[in-house]
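To start, the structure itself, in structure tokens.
The values are calculated or read from the model by the stated rules, or taken from the named source; none is laboratory data. Model, not experiment: these values are computed from the prediction. Here the Cβ is made from the backbone with ideal geometry for all residues, glycine too, and neighbour counts use every protein chain on show. Quick note on the areas: whole protein, heavy atoms, side chains included, nothing else; ligands and nucleic acids left out. Shrake-Rupley method; radii C 1.70, N 1.55, O 1.52, S 1.80 Å.
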Amino acid sequence: MPETIRIKVNGVAVDVPEHTNVAAAVTRAGHVHFRRSVTGQPRGPLCGMGICFECRVTIDGQPHRRSCQVLCRPGMEIQTDDA
Amino acid sequence: MSVPTCQVAVLGAGIVGAACARALAQADFQVVIIDPNPIGSGATAAGMGHILLIDDSPAQFALTQNSRQQWNDLAPELPDDCEFVKCGTLWLAADEDELDEVRRKEERFRAAGVAAEVLDTRQLAAAEPNLRAGLLGAFFIPDDRVIYPPCAARWMIEEAQRHGTQLRTGVSAIEVTGKEVRLSDGSRISVEFTVHATGCGTAKMLPGVPIRPRKGHLIITDRYPGFVRHALLELGYIKKAHGTDTDSVSCVVHPRRTGQVLVGSSRQFDAESKDVDPRMLARVVARATEFLPGLTRLSGIRAWTGFRAATPDGLPLIGPYPELPGLYLATGHEGHGITTSLGTAELIVDHLTGRTPRLPLEPYLPARFSGVPAHA
């Protein structure tokens, strides 16, 4: 069994198995809209492989991280645009 | 077969051609604009869109003051997509020499009655928290602006079209003979005047015009609103911009209205390929990072190049082409064509109508280079 780690999504604690990527963790926390486009439209993960840039979130204060390309670490703080 | 009559043909639908067409149409000329490519797709789309005062010569200072005033007067009319940003310019002083230049600028601006302010180390750090510590100060020009040039060019052409101007993209002018322009689709247009506003293209069509393409690289980041608040230029820029033939980079960083950060710039003569040169781009980013260390945490999303039309003295070529009556040049603006497009258009109308000019005509006349080879 993988170990469980605790992260925060928009300030809310979420427990996920270690090695979960951030896109999966944010989805598990109940979010479908990860960010807003230039014109304000909701956006979320599309390609899942780092190409489309639709799944960007702010991770530990750093904006525009591709959530599908980053693995969760204990204590990580994630913000979506609608937070 | 009849040949359609048109009083003025403007070659080039970049920002300079667009400004000339608009001004001529408003002065009741019958205008046709000709460009093989879409509006504003050359140097206009490649540039940074800085509306700024340049005081490296009295003629450049006069032209940029006239032009900036026109831009600021137009601002309320510009469509939203022109992304007009009232950011002002900060010229950054990194050493004592550059601080001396700040003082010289202050004197020149005061003498001209133009608003500007000297910032000390502490004021600069407060104005731009992401700049590295230890810069000695800055020269702040509050009324400089940033715009998105291709949309401004499109808007100027729409304005011209409202005054009856015709736009013909997809065809090129292949021969200009005083009273006629022959186009690539075989058609001919009768003209009283032709205005050549094709930037680097002018030298190809008119051998002997002293213009050399000067390549530049730019890179734009994702959206990081507030990372920089003013258009930032290192004071070494002017020395590098006009003083040397060798490749150079300088720190030029702009905020875009989208929150993106536009980072430049490089200058290279004799670079033939339009491709992004990764080594040159790396030098551009490295130089900007010396001033803005946090730039390394930003994600660059697109890089491109463009070619500035450089003249030997750094001033544009505006006025009659000495070898062919009826042909006028509006070209050679190097890196300042977005700003000086409007002053250029005013000068072209001055020439074509014979009205009393507000600016002196002489410093910009192409005839100042008569007899000088293009590639000295």
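Quick notes on this one:
- If only residues of the stretch B:173-196 that are in contact with a Lys or Arg (Cβ under 6 Å, 6 or more places away or on another chain) and among the charged types (D, E, K, R) are counted, the one that is most open to solvent (accessible area, probe 1.4 Å) is B:Arg188.
- For the stretch B:155-167, a residue qualifies if it is small (Gly, Ala, Ser) and buried (at least 19 other Cβ atoms within 10 Å of the Cβ), and exactly one does: B:Ala160.
- Checking B:Gly170, B:Gly199, B:Gly216 one by one, the residue that is away from chain A (no Cβ under 14 Å) and open to solvent by 50 Å² or more (accessible area, probe 1.4 Å) is B:Gly170 and no other.
- Test: B:Gly208 is surrounded by fewer than 20 Cβ atoms within 10 Å (Cβ to Cβ) and within 14 Å of another protein chain (Cβ to nearest Cβ): no
- The residues listed here are B:Leu206, B:Leu183, B:Leu232; of these, the one that is closer than 22 Å to B:Ile54 by Cβ and of a type outside the set (Gly, Ala, Ser) is B:Leu232.
Residues checked against (1) at pLDDT 95 or above; (2) touching a Lys or Arg at 6+ places or on another chain (Cβ under 7 Å); (3) acidic (Asp, Glu); (4) under 30 Å from B:Gly216 (Cα atoms):
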{"site": "B:Val10", "(1), (2), (3), (4)": "yes, no, no, yes"}
{"site": "B:Ala13", "(1), (2), (3), (4)": "yes, no, no, yes"}
{"site": "B:Ala23", "(1), (2), (3), (4)": "yes, no, no, yes"}
{"site": "B:Ala27", "(1), (2), (3), (4)": "yes, no, no, no"}
{"site": "B:Pro36", "(1), (2), (3), (4)": "yes, no, no, yes"}
{"site": "B:Ile39", "(1), (2), (3), (4)": "yes, yes, no, yes"}
{"site": "B:Thr44", "(1), (2), (3), (4)": "yes, no, no, yes"}
{"site": "B:Ile51", "(1), (2), (3), (4)": "yes, yes, no, yes"}
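- Breaking point among (1) open to solvent by 80 Å² or more (accessible area, probe 1.4 Å); (2) more than 14 Å from every other protein chain (Cβ to nearest Cβ); (3) among the hydrophobic types (A, V, I, L, M, F, W, C), for A:Ala25: (1)
- Count - residues of the stretch B:257-275 that are surrounded by fewer than 20 Cβ atoms within 10 Å (Cβ to Cβ) and within 14 Å of chain A (Cβ to nearest Cβ): 3
Residues checked against (1) more than 19 Å from B:Val209 (Cα to Cα); (2) within 17 Å of the chain's Cα centre (by Cα):
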| position | (1), (2) |
| --- | --- |
| B:Pro278 | yes, no |
| B:Glu290 | yes, no |
| B:Pro293 | yes, no |
| B:Tyr328 | no, no |
| B:Leu342 | yes, yes |
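- Residue-level analysis places A:Arg28 among those that are at pLDDT below 95 and among the basic types (Lys, Arg).
- Matching residues, the stretch A:40-77, being away from chain B (no Cβ under 12 Å), over 10 Å from the mean Cα position of the chain (by Cα) and part of a strand (DSSP E or B): A:Pro42, A:Arg43
- Residues of the stretch B:15-29 satisfying the condition of being closer than 20 Å to B:Glu334 by Cα and open to solvent by 10 Å² or more (accessible area, probe 1.4 Å): B:Val16
- Residues being farther than 19 Å from B:Leu52 by Cα, at pLDDT below 95 and open to solvent by 50 Å² or more (accessible area, probe 1.4 Å) are entirely absent from the stretch B:276-294.
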